[in-house]
1. What Rg and what Dmax come out for segment 145-222 when only alpha-carbon atoms are used, in angstroms?
2. Does segment 41-93 come out rounded, prolate or oblate by the C-alpha gyration tensor, with a ≥ b ≥ c the root eigenvalues, rounded set by a/c under 1.5 and, if not, prolate when a/b is larger than b/c and oblate if not?
3. Where in segment 205-234 does the amide nitrogen come within less than 11 Å of the point 7 Å from the Cα of Arg158, taken along Cα to Cβ?
4. Which residue, Phe175, Phe118, Phe86, has the most motion in a Gaussian network model of the chain that connects Cα atoms within less than 10 Å?
5. Between Lys228 and Glu124, what is the label-point separation in nm under the 7 Å Cα-to-beta-carbon projection?
6. For the chain, what is Rg from Cα atoms divided by 2.2 N^0.38 Å, rounded to two decimals?
7. With r defined as the distance between the Cβ atoms of Lys21 and Glu68 and R0 fixed at 25 Å, what FRET efficiency is calculated, to the nearest 0.05?
8. Roughly what angle does helix 181-190 make with the longest principal axis of the chain, taking Cα atoms, 0 to 90 degrees, to the nearest 10?
Amino acid sequence: MTNDIRTAKGTLIIIGGHEDKTDEKVILKEVARRVGKGKLVVSTVASHHPEGYFEEYERVFRELGVREVVELDIRDRQEAREEAKFRLLENAAGVFFSGGDQRRITSQLGDTPLYSCFQTIYDEGGVICGTSAGASVMSDVMLVSGDSDESYRLGDLRMAPGFGLIRGVIIDQHFAERGRMGRLLGAVAQNPRYIGLGIDENTAVVVEGGVQFRVIGEGAAYVIDGEKVSYSNVSEGRQHAALSIHDVRLQVLSEDDAYDLALRIPMPSGKVKEASQKSRKEAAEKEAADK
């Protein structure tokens, strides 16, 4: 079975948070390389107190050669419908969502003209980036809250609709640092057709065309695949009981490892092109059949 893939011409850079801004800056260099000589829009909407967020990113991205860096700050949904805000995205080569609270991003921007513009930028070949909360909103189902540092307890998880830039995936960030394996397993147990994607800090996955991703940065990305799960106690266990889940599949990927979302397989670097051609064809055929 292939996953429910959303194909696009653009690139997603999904960051696990706390990306390096002072030393090698591997992840932000990748963002700058993708933006090239174009405009980068930095959205600070996720933060309740955005002061200083934009200035830091502006400094780093200008040091990395991005010529035009502008801020998109939205404090309420009415602002998201203002023409002046919409014009900030004109001719943008990329958008970068900073960290904070993912619910602020979706509640302020979801189903607005700005949201449609993000989709268009991605579909037409631009780059959409998100760190921490900005990473979580990339998927069609996003994790909102759930305890970390312990086994998942039934009922202790909240999810909500995300932006749907990448489908069939649930994303969690600050993954190893905050002990979030349990809660991502809980999310997959509730949605076994979805892949769980956990991303460490100062680590990112670069998603090409919505079909496959490559890992960059100093940590790891964790892929939890529940397609062949044979049993879980999600529907029958008592409230707050520990999760039981059998035959779940886990892949741990580090820098330069790749993963095909359509085929649900990890790939050594030499196999990326071959697998990409196959998965793109299958995803395109499935998308056409669904229309």
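1. For segment 145-222, the Cα-based Rg and Dmax read 12.6, 36 Å.
2. Values: a/c = 3.63, a/b = 1.33, b/c = 2.72.
Taking the square roots of the gyration eigenvalues as a ≥ b ≥ c, segment 41-93 is oblate.
3. Hits in segment 205-234 for Arg158 at 11 Å: none.
4. Phe86
5. Calculated label separation equals 4.3 nm.
6. On the way: Rg = 18.4 Å, N = 291, 2.2 N^0.38 = 19.0 Å.
Scaled against compact globular proteins, the figure is 0.97.
7. Efficiency, rounded to the nearest 0.05: 0.85.
8. Relative to the chain, helix 181-190 is tipped by roughly 70 degrees.
All of the numbers you see were taken from the coordinates with simple rules; none came from a lab. Just so you know, these numbers come straight off a predicted model, no measurement behind them. Every residue, glycine as well, gets a Cβ built from its backbone with ideal geometry; the counts of neighbours run over all protein chains shown.
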